[in-house]
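The structure under discussion appears below in the form of structure tokens.
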Amino acid sequence: MQTTDVGSKVDGKVWYRKPNPSVSNGVIVSVVRTDAHQSKKVRFLQVAYDTTGDSFLAGDHHGNIYVFDISRNRFRLVQKTGQACTALAFSLHRTTEFLVALADYSIKCFDKDTKQLVSWMRGHEGAVSFISVHSSGRYAITTSSDTAQLWDLDTFQRKRKLNIRQSVGIQRVFFLPLSNTILSCFNDDSIFAWESGTLVCKFQLSVPQDGPRIHYKAFAITRDGKTLAAGGRSNLLHLWCLESRQLMRVVQMPPKVRTVRQLEFLPDSFDSGFSQVLGVLSQDGIMRFINIQTFKQLFEIGSIDNTVTTVTICPKGRHIVAVMDTGALNIYSVQGLTQEVNKPPQPLVKVISQDSTAGGSGMLVKVRSGTVQRPKTSGRRVPAKVLRPPAVITGEEKENDLPGGLNKKRLLALLKAFGEYPAKYRMFVWRSLLQLPENHAAFNSLVEKGLHPAYLTLQERYPIKSQKLQRGLQRLLSALAHWSAIFGEADYLPLVAFPFVKLFQNNPLICFEVVATVIVSWGQHWFEYFPNPPLNVLSMVENVLAHHDKELLQHLVDCRITSQLYVWPLLETLFSEVLTRDEWLRLFDNVFSNHPAFLLVAVVAYVTCCRAQLLMLTFREDFEYFFHHRNNFDIGAMIKETYRLMSTTPADIHPRSTLSDFEPLLRGQYPVFNQYPTFIVEYQSQERERIRQQEAQYLRERQVLQDLRSEAVRQQAEDEAWHTQQELLQQAEQQRRHILQQEEAKLAEQRTKLAAMKRELKLKELQLVEATRRRFLHHQQDQRQVQLQRLDDEIQRKMALRDQETAAAVQDIEVRQMELDTKRRLFEQQLAKEQERVNQEVEAKLGVRRHRAELEETAFRDMLQTDQDLTQDTKRVLEESVAEAGQLGAEHEWQAKVLQRLEQTDADQRRRQRLLTQMSQETHAKEEELVKLIAEGKKWEEGVSRQAQLEEERKKRHQQVATIVEASPGDELSQESLKSPRQGEMYDHQRQQDLTYPCPTRDRGHQSHSPPRQPNGIPACLNNQSPSESSTTFSLDRGRAELDCKERELMKEVRELRQKLARAKVGDSSTYSSSIVSQ
């Protein structure tokens, strides 16, 4: 089973390898969604198929809506609602739109291609649990626990609302397929059928009273709308026949089923809607599919470990989408599930027939020994489909075809027969006739620009009681003004748009496109003479009127009534002022169904239909009132007159010759509208802007003037009050002047007293000032003394604190000194111990080294003793060689060098001893090898050749040693020993003895060749040889280095041997002597 993780992808593939549904479970792919931020799975909640069955919607817990296209193997994220969805519907007549019921009890309609919000419907006070869409896709019923509401999906308005008592809840309300019947099911198991148009109760299904109550919770209806299945809190299912309105059968499910949670019929392409396979989802999360005719279980989906929450079946019966308890979507292949249907399964269900009073057929179905007795067939025959060759579509029929499957020619025939379109289908017919593109993105871009400046004060010019209509009209006019500048200048545009705003107030997009289409197609040439009325259009209408009713036209001319008075008021309001709502709708049913010239001819028809009244009018005011108010006339007669005028008007004056045919708006973007005098519109815009600025300036100046005027009035009042006050003051002055004269004498007397009192007061004041100054100085002095005292106290406190800190620091220092002394003593003690330990270790190491040196010396001495004790001849030769070496090296310089070499380190001595030991071992090994060769019976020729090879090697080494000796003049002993022919003879004689009498000693002498020579023939000093050379090539220096420890004893022996060598002249052991000395 493949698993696809949607994750945060916007689109992608549903599966990545060819699906192969397994026979066991039939799953094509399992779809999951993992949140990248929280690393957990997001549950899918709802699924809904479209009418084709190729794609379905799926909504998750986070409010993301995905479209899965099974035929194309693609999925796509189409909407993010931000909240969990409670129901989905995807079978609307506009195939790109779908309904979503959200957790905030609202229903939203979105477009899956543009991802735009189409409409927002509110009205429920509880969560919407189910959405049922009519087979035409134009109506929907939304069901919650307390109410059910019927919606018109063309206008997205609520048409009906089902209110019930609080004690009786609603289980399900849905449309029956292929009919206009609504079926409502309540909590008390009552089922009613209603006519959707009138909501008249058609019938009620009678639930049997003698059996156990089921408590209906789940319902399913076949595609032909004739069979209803119902189940609930029981393992019994009721199958109703809606034609006879009787209970056909009661089906008992297996004992494992205790509650039925969902019922779904599995459609078949060849059963003509009479579905025979019913899926039953029980409380254990397993959906069992049974045949309601044979009563056998065919297959099941889900298991105890992976239970099913809800199931949606493809309308074509090809796939099943199950929402699992884990939150994943499992897509099943019905073909894979039904591969083993033909196998005989065990009978798991049995049918219980009700009695005749319950409307049963009396057929019993019993289960006996693994077989199921099947009822007799009902005799229903499936009508065969007759395949006809496709009809050839002509160009005319193609032109008459409209969106939504309508045909313009048939609509015209229907219109002429009934005079108008059906009210409930009128909006749909208009949208099909006008071929509205529904450009959501383009319309939103216009709306987002906000209100146009030209319509900011629209409510002042056109006051409307309804604020909703006022805002809708203002938004529509602003969008039109943003679309083209002319619509911001045309004063009559609100009159044109208002009837459509009132008609489409819940769908602003449709309203905008209808008005735009009317302006583009039926308002041709209206703006060519702007800002004047369209004189060319008015002339066309006047020409048609002159042709058909010259008397009426002459009357109008005699009364000085122009076409601007009797034609233009009808056109600029689109007859909305002179017609009622129903009359206006009937008129525009015909206008939208005919050529754009029909509107102009309708003006002529209106005038001619009212000719009797017009002929009686003579005053201009009466004509104005007549064309701006409703009049009594027959709208049907006017429409017939319009058709008559359309057919009888000559072609040369017919408006059709001037006006072009109907052209719908473009899809994606609206066309450019520039059919107006641009310079006039721009000039008016500039003038309007200039007037707006002047008006603002005028308002500001008027405000300033008003302020100045108010200030002047206030100033004038103040002046008048001041003058009045001055007059009163003058009168009072005159009256009191006499009193003052009388008082002056008294004042003169009192002045003297006052002067004296002033002097006294001045003195007292000066005294007070002086006292105050002194008191202030005294106060300052006290303050300073207090401050000085405070400073002294602070200084004393700080000194005391400093003394305390000093004492504490001294104590700390003393304690630290004591600690340091203690640490020093401990450190000295540790040092003494460490010194004693180091001395002991050194003494131990020295003792070990002395012991090792003694052992090495003993070993070496034993080795020398062993070599000396090999044979008596060898010892004699050794003594003679040592004597000869001592005699030849008797020079004092050589002795000085020997004494210097005695001072070499113990390390060099041990290294040389190890090297000698290694060479001795190699010599012994070569001796053993030679002995083995001789012992194994080697031939004399091999011995001779070996001797020749050794002789050549001896000569080469002799040359190398000579080269070294010449290069090192200090080694006189080596040089003299190599130059002696006597020694060469002794060596040759000894080599002969070695070949004749092989022994370890002789073999050692054989291996100890003469010192090697350099390529130039000079003996090489053996001290310059590296340790990696042959074991037999060693120098006298290394031999002497190995005898350093007993050099003094050897010197004595040399003296004694020198005397012996003087007496004895043995020369056949020179080679042995040089090798022994070197050792």
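The values are calculated or read from the model by the stated rules, or taken from the named source; none is laboratory data. Treat the numbers as computed from the prediction; the structure is a model and nothing was measured. When we count neighbours, we look across all protein chains shown, and the Cβ atoms used for this are built from the backbone with ideal geometry, even at glycine. Areas reflect the complete protein model, heavy atoms only, side chains present, ligands, DNA and RNA absent. Shrake-Rupley method; radii C 1.70, N 1.55, O 1.52, S 1.80 Å.
Where the eigenvalues come from the Cα gyration tensor of region 461-529, what are the semi-axes √(5λ) of the equivalent ellipsoid, largest first, in whole Å?
On the way: eigenvalues 77, 36, 21 Å².
For region 461-529, the semi-axes come out at 20, 13, 10 Å.
Send over the semi-axes of region 746-800's equivalent ellipsoid, whole angstrom and largest first, taken as the square roots of 5 times the C-alpha gyration tensor eigenvalues. Could you put the intermediate results ahead of the total?
Working: eigenvalues 533, 6, 3 Å².
Taking √(5λ) for each Cα gyration eigenvalue gives 52, 5, 4 Å.
State the extension gain, in nm to one decimal, for the chain segment bounded by Gln283 and Thr52, taking 0.36 nm per residue of separation less the distance between their alpha-carbons.
Working: separation 231, 0.36 × 231 = 83.16 nm, distance 3.09 nm.
Computed gain between Gln283 and Thr52 is 80.1 nm.
What nm value, rounded to one decimal, do you get for the distance between Ala721 and Val838 when each label is placed 7 Å out toward the C-beta?
11.2 nm
Please grab the % of Cα pairs in region 706-860 that end up more than 24 Å from each other. Don't skip to the answer; put the middle values down first.
Details: 9604 of 11935 pairs.
Counting every Cα pair in region 706-860, those more than 24 Å apart make up 80 percent.
How large is log10 of I(q)/I(0) for region 3-82 at q = 0.13, 0.23, 0.24 Å⁻¹ when the intensity is taken from the Debye formula with one equal scatterer per alpha-carbon?
Those come out to -0.41, -1.20, -1.28, one per q.
Once you order the gyration tensor axes a ≥ b ≥ c over the Cα atoms, which shape class does region 1-149 get: rounded for a/c under 1.5, otherwise prolate or oblate by comparing a/b with b/c? Walk me through the numbers before you get to the answer.
Values: a/c = 1.88, a/b = 1.53, b/c = 1.23.
It is prolate, given that a/c is not under 1.5 and a/b is the larger ratio.
Enter the Cα centre distance for the pair region 162-227 and region 506-557, rounded to the nearest angstrom.
54 Å
How much net charge surrounds Thr580 when only other residues with a Cβ under 15 Å from its Cβ are counted (Lys, Arg +1; Asp, Glu -1)?
On the way: positive: Lys502, Arg581, Arg586, Arg630; negative: Glu420, Glu577, Asp582, Glu583, Asp589, Asp634.
Within the 15 Å Cβ shell, the charges total -2.
Leaving out ligands, DNA and RNA but keeping every protein chain, what accessible area does Ile331 have, in Å² rounded to the nearest 10, with a 1.4 Å probe?
About 0 Å², rounded to the nearest 10.
Specify, per residue and in Å³, the volume enclosed by the convex hull of the alpha carbon atoms belonging to region 630-778. If you can, show how the numbers build up before the last one.
Numbers: hull volume 80.6 nm³, N = 149.
Cα-based convex hull of region 630-778, divided per residue, equals 541 Å³.
Net charge around Arg560, counting only other residues with Cβ within less than 15 Å of its Cβ (Lys, Arg = +1; Asp, Glu = -1)?
The answer is -4.
Suppose we look only past 17 Å in the calculated P(r) of region 130-262. What percent of the Cα-Cα pairs does that tail hold? If you can, show how the numbers build up before the last one.
Working: 5192 of 8778 pairs.
So the portion of pairs separated by more than 17 Å is 59 percent.
What's the Cα-based Rg to Rh of region 83-176, Rh via Kirkwood? Present the calculation step by step, with values, prior to reporting the outcome.
Values: Rg = 12.6 Å, Rh = 13.3 Å.
Here the Rg-to-Rh quotient is 0.95.
Using only the heavy atoms of the protein chains and a 1.4 Å probe, how would Phe203, Phe75 rank by accessible area, largest first? Working shown, then result.
Details: Phe203 25, Phe75 5 Å².
Putting Phe203, Phe75 in descending order of accessible area: Phe203, Phe75.
List the trypsin sites (Lys or Arg not before Pro) within region 543-629 that fall in a DSSP loop (any state other than H, G, I, E or B) and whose Cβ has at most 12 other Cβ atoms within 10 Å.
Listed in order of number, the matching sites are Arg560.
Report the local net charge at Gly232: Lys and Arg +1, Asp and Glu -1, summed over other residues whose C-beta lies under 14 Å from its C-beta.
Values: positive: Arg172, Arg213, Lys217, Arg233, Arg258, Arg261; negative: Asp188, Asp189.
Here the count lands on +4.
Among 239-248, 853-862, 780-789, what's the highest-first ranking by average C-beta atoms within 10 angstrom per residue? Before the final figure, lay out the partial values.
Numbers: 239-248: 17.5, 853-862: 13.1, 780-789: 10.0.
Ranking the peptides 239-248, 853-862, 780-789 by packing returns 239-248, 853-862, 780-789.
Hey, which of these cross-link pairs are over 18 Å Cα-Cα: Lys217/Lys296; Lys159/Lys424; Lys80/Lys115; Lys161/Lys465? It would help to have the intermediate numbers written out before the result.
Working: Lys217/Lys296 23 Å; Lys159/Lys424 10 Å; Lys80/Lys115 9 Å; Lys161/Lys465 27 Å.
Too far apart for the 18 Å limit: Lys217/Lys296; Lys161/Lys465.
Using only Cα atoms, figure out Rg for region 437-479 and give it as a multiple of 2.2 N^0.38 Å. Don't jump to the answer; show the numbers that get you there.
Numbers: Rg = 11.4 Å, N = 43, 2.2 N^0.38 = 9.2 Å.
Its radius of gyration relative to the 2.2 N^0.38 Å reference: 1.24.
Kindly sort Asp558, Asp821, Asp11 by accessible area of their heavy atoms, largest first, with the probe set to 1.4 Å.
Values: Asp558 105, Asp821 40, Asp11 85 Å².
Largest accessible area first, the residues go Asp558, Asp11, Asp821.
Could you put Lys468, Lys956, Lys926 in order of accessible surface area, largest first, with the 1.4 Å probe and the full protein assembly present? Working shown, then result.
Values: Lys468 100, Lys956 130, Lys926 65 Å².
Final ranking, largest accessible area leading: Lys956, Lys468, Lys926.
At q = 0.10, 0.16, 0.22 Å⁻¹, work out log10 I(q)/I(0) for region 446-595 with the Debye formula, treating every Cα as an identical point scatterer and leaving solvent out; two decimals please.
So the normalised log intensities are -0.39, -0.95, -1.53.
Averaged per residue, what accessible area in Å² does region 428-486 show with a 1.4 Å probe, protein chains only? Could the numbers behind the result be given before it?
Values: 2660 Å² over 59 residues.
Accessible surface, normalised per residue, equals 45 Å².
Where does region 522-667 land on Rg(C-alpha)/(2.2 N^0.38 Å)?
Working: Rg = 14.6 Å, N = 146, 2.2 N^0.38 = 14.6 Å.
In units of the 2.2 N^0.38 Å rule of thumb, it is 1.00.
If I ignore ligands, DNA and RNA and count only protein heavy atoms, how much of Ser710 is accessible to a 1.4 Å probe, in Å² to the nearest 10?
Surface open to solvent at Ser710 totals about 60 Å².
What are the extents of the Cα atoms of region 712-752 along their three principal axes, in Å, largest first?
So the extents along the principal axes, rounded to whole Å, are 51, 19, 5.
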